[in-house]
Amino acid sequence: MSAIAQCDVAVVGGGLVGAAAALGFAQQGLTVQLLERGGPTPRVLDAGDDYDLRVYALAPSCVALLERLGVWPEVQAVRSSPYQRMQVWESEAERALRFDAGDARVPALGHIVESGLLADVLWRHLPAGVARAGVQVAAVASDDAGAELRLDDGGTLRTRLLVIAEGRESRLRAALGIEALSAQYEQTAVVCHVRTERPHRQTAWQRFLPTGPLALLPLADGRSSIVWSSTAAEALLALDDESFCRALGEASQHVLGAITGCTRRVQFPLALQHAERYVAGCAVLVGDAAHVVHPLAGQGVNLGFGDVAVLLDTIAAARAESRDWAAPRVLKRYERARRADVLDMLAVTDGLYRAFRVPGAGRLRDAGLAAVNAVAPLRRELVRRAIGA
């Protein structure tokens with residue numbers, strides 16, 4: 001019979017959010033086990049590697065978490081691209097709603113960073129013995145006193161706190177009886193990196209098209225990463241590179257001049273999802289296991305890192321008060337704090353998705369963007385909310 005292992009915190013799911021949570025709890029002096037059912041740790045990236053196609057626009061609040069975890073200097077040493085401005089429009093680029101870092105009194109609105117780079121740095125900062133790759137949870141039981149995980153290698157792990165970071169299709173969320181409301185968007189995201197005739201000038205661009213939003217995000221090497229959420233994704237993927245670059249230039253109204261080259265293209269399905277609750281006994285949901293939003297506002301990983309920051313603070317405060325730090329009443333504080341922020345963002349992203357799909361309202365929307373652009377206090381408040389400042 002296999003021995004029963006024990007730890008203070010078990011994190012299931014070794015993606016960005018799970019790895020950040022595991023690192024944060026380990027730095028608090030708790031015994032941590034990070035269980036990842038996938039393969040070994042991510043490959044090491046260096047400045048000579050080509051860019052990961054999946055990138056994130058990290059808000060200043062997320063950069064603050066990564067600084068707190070001690071990993072941000074290493075990310076910057078490899079590559080990240082700060083952006084100072086953002087322009088959003090529908091019909092005419094000249095009438096775009098413009099945000100500037102100065103509006104929020106921050107050095108940058110955010111940083112564009114590759115998913116693979118973040119994963120690599122987070123995993124390499126985990127203390128020895130914390131991460132276990134290639135391990136899957138076969139069964140789980142959770143109550144107020146702790147959780148017991150039966151692993152597919154025959155082992156058993158008992159933990160005081162269970163953090164579920166498995167992603168949208170979380171098996172443990174379902175096993176614990178937590179329902180999730182879900183809806184599939186008609187759009188699919190087409191992602192690649194492109195070279196452009198004109199420099200991006202550390203600006204993020206987003207245009208709302210009838211088929212879905214198109215974002216161009218500045219990369220550190222002068223290229224731009226595109227996220228084109230479209231109902232015509234299959235047709236875009238079927239184009240040859242020259243035709244795709246031409247279509248992208250037209251769709252972006254040539255704000256960066258001609259599109260002169262592109263990498264291979266990949267696609268990601270888009271969905272909205274929200275768990276009915278974030279806590280079950282001593283188990284908590286974080287990241288996509290708790291919520292999934294449309295990428296048009298670039299807030300997916302920011303919300304997940306926000307979960308980690310609040311959960312770390314909640315547990316640290318309870319321990320400082322000599323309270324039962326994994327008790328449901330403590331974990332409910334985390335749930336209350338995060339649900340409010342997440343529901344606000346769900347409303348914003350889903351509302352924008354639906355508003356820009358109403359036919360015949362383009363002039364009204366353009367007028368609305370122009371009105372916001374003209375009212376500096378409103379524009380500043382919008383940008384502060386968007387970046388978590």
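Read-outs throughout are calculated quantities, based only on the coordinates presented, and are distinct from any laboratory measurement. In this text, all values refer to a predicted model and were calculated from it rather than measured experimentally. Neighbour counts run over all protein chains shown; Cβ positions are idealised from the backbone, glycine included.
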Query raised in the report: Amide H to amide H, which residues 5 or more places from GLN6 or on other chains are under 5 Å from it, using H placed in the peptide plane?
Result: ARG158
Query raised in the report: Which of ASP307, ASP120, ASP143, ASP100 comes first, and how do the rest follow, when ranked by fewest Cβ neighbours within 10 Å?
Result: ASP143, ASP100, ASP120, ASP307
Report summary line: For the chain, the longest principal axis of the Cα atoms and the Cα long axis of helix 16-27 enclose an angle in degrees, to the nearest 10, of 50 degrees
Query raised in the report: Based on DSSP H runs of at least 4 residues, each adding -39500 (n - 2.57), what is the mean residue ellipticity at 222 nm of the chain after dividing by all its residues, to the nearest 500 deg cm²/dmol?
Result: -11000 deg cm²/dmol
Requested in this report: Pop out the ³J(HN,Hα) list for the range 62-75 in order, Karplus 6.51 cos²θ - 1.76 cosθ + 1.60 with θ = phi - 60°, rounded to Hz; leave Gly and Pro as x.
Outcome: 6, 4, 4, 5, 5, 5, 4, 7, x, 9, 5, x, 6, 4
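So for LEU346, LEU181, LEU217, fewest C-beta neighbours within 10 Å to most, what's the order? Could you put the intermediate results ahead of the total?
Values: LEU346 21, LEU181 10, LEU217 24.
Listing LEU346, LEU181, LEU217 from fewest to most nearby Cβ atoms yields LEU181, LEU346, LEU217.
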Report task. Name the residues whose placed amide hydrogens come within less than 5 Å of the amide hydrogen of ALA138, ignoring near sequence neighbours (fewer than 5 apart) on the same chain. Result -> ARG150, LEU151, ASP152
Query raised in the report: HN-Hα J couplings of the range 100-109 from phi, Karplus 6.51/-1.76/1.60, θ = phi - 60°, integer Hz, Gly and Pro as x?
Result: 9, 4, x, 4, 9, 6, 10, x, 8, 5
**Report entry** Relative packing of 218-228, 309-319, which averages over residues the other C-beta atoms within 10 Å, highest first
**Finding:** 218-228, 309-319
Report summary line: With Cα coordinates, the longest principal axis of the chain makes an angle with the long axis of helix 362-374, in degrees rounded to 10, of 80 degrees
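Treat every Asp and Glu Cβ in the range 128-199 as -1 and every Lys and Arg Cβ as +1, leave all other atoms uncharged, and give the resulting dipole magnitude about the Cα centre to the nearest 20 debye. Kindly include the intermediate steps, with their values, before the conclusion.
Working: 9 positive and 10 negative charges, 61 e Å.
Dipole of the range 128-199, to the nearest 20 debye: 300 debye.
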**Report entry** Using θ = phi - 60° and Karplus 6.51 cos²θ - 1.76 cosθ + 1.60, couplings along the range 82-90 (whole Hz; Gly, Pro as x)
**Finding:** x, 10, 9, 9, 9, 10, 10, 8, 10
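Given the chain, what percent of its DSSP beta bridges are antiparallel, to the nearest 5? Please report the intermediate quantities before stating the final value.
Numbers: 54 of 78 bridges.
Around 70 percent antiparallel, to the nearest 5.
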Query raised in the report: Expressed as an acute angle from 0 to 90° and rounded to the nearest 10, what is the orientation of the C-alpha long axis of helix 328-355 relative to the principal long axis of the chain?
Result: 20 degrees
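In square nanometres and to one decimal, what's the mean projected area of the convex hull around the Cα atoms of the chain? List each step's numbers first, then the result.
Numbers: hull surface 77.3 nm².
That works out to 19.3 nm².
Evaluate the charge dipole of the chain about its Cα centre and quote only its size in Debye, nearest 20, assuming +1 on the Cβ of each Lys and Arg and -1 on the Cβ of each Asp and Glu. Present the calculation step by step, with values, prior to reporting the outcome.
Numbers: 42 positive and 43 negative charges, 165 e Å.
About 800 debye.
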